[in-house]
Amino acid sequence: MIRPEEIKMSAEETGKWGMVMDQDICTGCQACVVACAMENNITFVGEEDSGYGRSMHWIRIERFWEGEYPEVKMTPNQPMLCQQCGSATCEPVCPAFATVHSQAEQLNLQVYNRCVGTRYCANNCPYQVRSFNWRDYERPEPLSNQFNPDVTVRRRGVMEKCTFCIQRIHKAQDKAKSEGREVVDGEFTTACAQACPASAITFGRVDDPESLVSQLAKKRGHGIKHLEELGTLPNVTYFKGG
Amino acid sequence: MTDNFSRRDFLKLAGVGAATSAILTGCGPASRYVKREPYMEMPEYTYNGLSTYYATTCRECAAGCGLVVRTSQGRAIKTEGNANHPLNLGKTCARGQATLHGLYNPDRVTDPIQRKRGNASATAVDWDSATQTVADALKNNKPSEIAFLLGTTSDHLFDLVADLSAQTGINPPVRFGALSMFESRATLAKAAENLFGESGMPFFDLGGAQAVFSFGANFLETWLSPVSYTRGFAGLREALTKKRGTLVQFESRMSSTAGKADEWIPLVPGTEALVALAIGRLALELRGGPLPRAFSDIDPKSAASKSGIKLETLERYAEMFANSAGVLAIPGGAALGQTNGLAVAEAVLTLNAVADNFGKPGGVFFSPLAPNQAMYQRSASVKEMQDFTKKLADGKIKVLFVHGVNPVFELPAALEFKKALEGVEQVISFSTFPDETALESDYVFPDHHSLESWGYQRVATGSNQSALSGSQPVVSPFYNTRATADVLIAAAQLAGGKFAAALPFKDEVEFLQSKIAPLMSQSGGFFSAADLPTFMAYFQQYGGWWQTADSRTVPNTADIFNRSLKAPEAEFAGEGEFFFMPFVSPTLAEAGANKPWLQELPDPTTTVMWNTWVEINPETAHELGLEDDDVVKIISEAGELELPVYRYPAIRPDTIAIPFGQGHTAYGRYAEGRGANPTDLLGGHFNEAGDLAFAGMKVKIEKTGRKQPLSRLESLMGVYGVGLGEEH
């Protein structure tokens, strides 16, 4: 097994986007889930398919139970999404190079028109955050009017997952470039973070010590990264709080 | 401004903001402010890849959160919160996000229609004859035989009908919504009136508190103003600049609000008032001095044994009330929806006097009235709806207009609203969607979807600032629908006489301007303008008008300790061994079931999607021989329902709970025939304030022997260790 400290980022790998989740204030309200679906043209699959675990949520809120009545407790709600691993287990298993690592954004990409649907990546993802289009799900007209023109509509046989709203990243970068400046922290955010009524989700540059995510991570302390022991170098930090 | 302003001057005036954009898309009446020019340069919305953003107001519930909707080439793409808006500060809930699935829902009412009641098929009529039908209905009936039933959103329409009623003698409009029923708003208002001598909507400053004791208030789900209370909760928990605040929740079933609490206290239903009074008395005893009258009758020991809470626990809480600042008690939800609900509300509000938090950070205030509001108005209690329903059944109403509410689905079965409609000669619905009430109407004259509509909504609570939230069309109407205000204005003109005199407006926008114009002379607004067109442009651009100062008021608590507070026993109607606890689905609420992405949201506590379930404690289920997904029959005094079991680890063994939101018999393909509606079990018992005692019932459970698998996000393995046997 590769130990985390053995995995080093190469020097030119800057521009890392990351996220901080405050589980102490996440209320599990699901606003992020719908916001994500609306932003990223995610399809709904219906009762039967969702019962088989084929729902396409790119972000989900996990909660577990501890103890038994009356001493029962709900664990802090845990928003789970693609951790945009620095050393992702999904990437090396793709025979079609559809699941690749982007040097520019330091994200795990999913190239839909390369994907041939082997589902190896989902099988190898320890966070279980990839969803597969098992069918061409019906979205009766005029629902398609709502589609975000910045995001591809996927069809049957293609794997998909959270992209950290890469279309928003690019839009902000293009705008900054045209104005001859750098992207400012907080200038844009992902759909989930923008909607979150509790502001439990914060998105930004983790390689910039001045950014809000870095500041939050520093001030709160005791942040955890899920399944860090697998050496995946996730870019999402969780605070349990309490 | 109509003639001497060119489009380009207008742009300069209002900036490239929401207001101007709405005008350029040519959405309805606003376009008359602008001289149309040939497309020498294409309007901004036709540039490929360039989005335009419009500020408007969410109408998925009555809270009145501000939205900014991203549109692209005339289509609404994404709703976001309006960052300037004092209520939601740029945030939205799941229902606000899914409002686009209402706009582009495949099952909207596309044209004005006429139908035989109860018959799904209908014939389309044109808008001229529709307007004539409304005019005839107004003209040919006695004013006392005309009634309007309106929803809790669209305050401007309520104002319009209220004006019409005041000047023509037709019945004043009645407002109702299932959410206000489950929030027990009338009880809250009545308790405030009894204690403080004035009626109003209390405001609870969660963000400034150090400890919050919630008696059944599910403020993180649907209660009053969930987005702003969620922000308050985040403030309570904030631990960087202050000590992390505590939340204690008293309720018989762990709601998703209680799931966030540090302590969840599953007390015996109906004993909330006893607990509140006992904590108050213990706290006052700790402080010493004479006991005030309000707390002199309560015996903490018997309160502890009746509620099933240990006396030490109550003493621990009392110490917090006695010794710390920023302790807050909130009454709400099912605690008030019981026969002794008013006593609960009074006891819990009085507990705040023990903490001495009125008007202080982390305490209780009155919410500011909206800028164009003279006094607090609440929606009808279910008791008032019962009287209204009786009037319908007795044939005292000849014409009923329904807008923004679905009473056939939302009212308790015991009220028999659907049957009462038989007593009404003509039912005219203005529903955007083919809901149950529209199906039982003679005509449906569909209103635009909220994102295609003008209007305003008063922010009733949740904001420090007095705010009027504005709506404007963000897209052109998708179907052959028409604004209900426009239909009523046109019909009133056709009817002539006092009707025409009551609504002397060219259209809805002119009416809105007449209501918004008085704000120009009010001081303290965050913008002002010298002339009405400019003021209106800003109003649209920013999504409303609000005052910059904190205008909450402090309740008068001079006499609060001198009232004698009683804690009467709660009565439970019906036979059966289980307390019945209906609750509003946090994701669907009253009108979300027709939006497919809301259906596919896992419930925050059970993770069930697309269906209704009954929550039973695993121990109880074991004793009854029930497994997950076993279909059971729930029998109350008012009706029965069949639905699958979900073994819920955080509910009292003597209580069962069912979410409200599903069980539609109409309302489009995603809602119809799915799940069950717990209002079918609700009887007609009320508390002293006239709110429904929806949690004051007992029910029986019968096995059916059938199974119906529930679709859920969680794996069975994770919850009950199913499958963790030998193979693991």
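Please work out the Kirkwood hydrodynamic radius for region B:289-383, using every pair of different C-alpha atoms, and report it in angstroms with one decimal place.
Every distinct Cα pair counted, the radius reaches 15.8 Å.
Once R0 is set to 25 Å, what does the formula 1/(1 + (r/R0)^6) return for the Cβ-Cβ distance between A:GLN103 and A:LYS225, expressed as a FRET efficiency to the nearest 0.05?
0.70
Relative contact order (percent) for region B:578-720, with alpha-carbon contacts under 8 angstrom and 6 or more residues of separation? Could you put the intermediate results ahead of the total?
On the way: 312 pairs, mean separation 48.7, N = 143.
After rounding, I find 34 percent.
Would you mind estimating how fast region B:510-658 diffuses translationally, via Stokes-Einstein at 37 °C and 0.692 mPa s with the Kirkwood radius over Cα pairs, in µm²/s?
Estimated diffusion coefficient is 156 µm²/s.
Would you mind ranking B:HIS85, B:HIS449, B:HIS622 by Cβ crowding within 10 Å, fewest neighbours first?
B:HIS622, B:HIS449, B:HIS85
Expressed in nm², what is the orientationally averaged projection area of the convex hull enclosing the Cα positions of region B:73-189?
11.7
Under the Kirkwood approximation applied to all pairs of distinct alpha-carbon atoms, what is the hydrodynamic radius of chain B in Å?
Hydrodynamic radius (Kirkwood, Cα only) of chain B equals 26.7 Å.
Can you tell me the mean projection area, over all orientations, of the convex hull of region B:578-720's alpha carbons? Units nm², please.
Working: hull surface 34.4 nm².
If I average the Cα hull's projected area over directions, I get 8.6 nm².
Test of understanding: express the Cα radius of gyration of region B:182-366 as a ratio to 2.2 N^0.38 Å, with N the residue count.
Against the compact-globule rule of thumb, the ratio is 0.93.
Relative to the present Cα-Cα distance, how much length would full extension add between B:ARG244 and B:THR553 at 0.36 nm per residue of separation?
Values: separation 309, 0.36 × 309 = 111.24 nm, distance 2.70 nm.
Contour length minus the Cα-Cα distance gives 108.5 nm.
Under a Cβ-Cβ cut-off of 14 Å, what is the net charge of the residues other than B:LYS190 that fall near it, where Lys and Arg count +1 and Asp and Glu count -1?
-3
From Cα pairs below 8 angstrom and at least 6 apart in sequence, can you work out the relative contact order of chain A, rounded to a whole percent?
About 32 percent, as a whole number.
If you rank B:LEU565, B:LEU369, B:LEU188 by fewest surrounding Cβ atoms within 10 Å, what's the result?
Details: B:LEU565 22, B:LEU369 19, B:LEU188 28.
Arranged by neighbour count, lowest to highest, B:LEU565, B:LEU369, B:LEU188 become B:LEU369, B:LEU565, B:LEU188.
Based on the alpha-carbon gyration tensor of region B:641-700, what equivalent-ellipsoid semi-axes (square roots of 5 times the eigenvalues) come out, in whole Å, largest first? Show your work: numbers first, answer last.
On the way: eigenvalues 105, 70, 16 Å².
The equivalent ellipsoid of region B:641-700 has semi-axes of 23, 19, 9 Å.
Could you list log10 I(q)/I(0) for region A:4-239 at q = 0.07, 0.09 Å⁻¹, which the Debye formula gives when each Cα is one point scatterer?
-0.23, -0.39
Quote the Stokes-Einstein diffusion coefficient, in whole µm² s⁻¹, for region B:140-285, based on the Kirkwood radius over alpha carbon pairs, a temperature of 25 °C and a viscosity of 0.890 mPa s.
135
Residue by residue through B:243-255, how many Cβ atoms from other chains fall within 10 Å of the Cβ on average?
Whole-number average of other-chain Cβ neighbours for B:243-255 is 1.
Please tell me the relative contact order of region B:254-343 in percent, rounded to the nearest whole number, where contacts are Cα pairs under 8 Å and at least six residues apart.
Relative contact order comes out at 32 percent.
By counting other Cβ atoms within 10 Å of each Cβ, how are B:LYS116, A:LYS175 ranked from fewest to most?
B:LYS116, A:LYS175
Given 37 °C and 0.692 mPa s, how large is the Stokes-Einstein diffusion coefficient of region A:146-197 in µm²/s, with Rh as the Kirkwood radius over Cα pairs?
254
How charged is the neighbourhood of B:ALA83? Take every other residue with its Cβ under 15 Å from the Cβ of B:ALA83, and add Lys/Arg as +1 and Asp/Glu as -1.
Counting the neighbours of B:ALA83, the net charge comes to +2.
Using a cut-off of 12 Å between beta-carbons, work out the net charge of the residues near B:PRO709 (Lys and Arg +1, Asp and Glu -1, B:PRO709 not included).
-3
Compute the distance from the alpha-carbon center of region B:408-433 to that of region B:434-450, in whole Å.
Their Cα centres are 11 Å away from one another.
What are the semi-axes of the equivalent ellipsoid for region B:381-462, taken as the square roots of 5 times the Cα gyration tensor eigenvalues, largest first, in whole Å?
Semi-axes from the Cα gyration tensor: 23, 17, 11 Å.
Starting from one equal scatterer on each C-alpha and no solvent at all, send me the Debye-based log10 I(q)/I(0) for the protein assembly as shown at q = 0.06, 0.07 Å⁻¹, two decimals.
So the normalised log intensities work out to -0.42, -0.58.
Rule-based calculations on the coordinates, nothing more; no lab input. Worth saying up front: this structure is predicted, and the values here are computed from it rather than measured. Every residue, glycine as well, gets a Cβ built from its backbone with ideal geometry; the counts of neighbours run over all protein chains shown.
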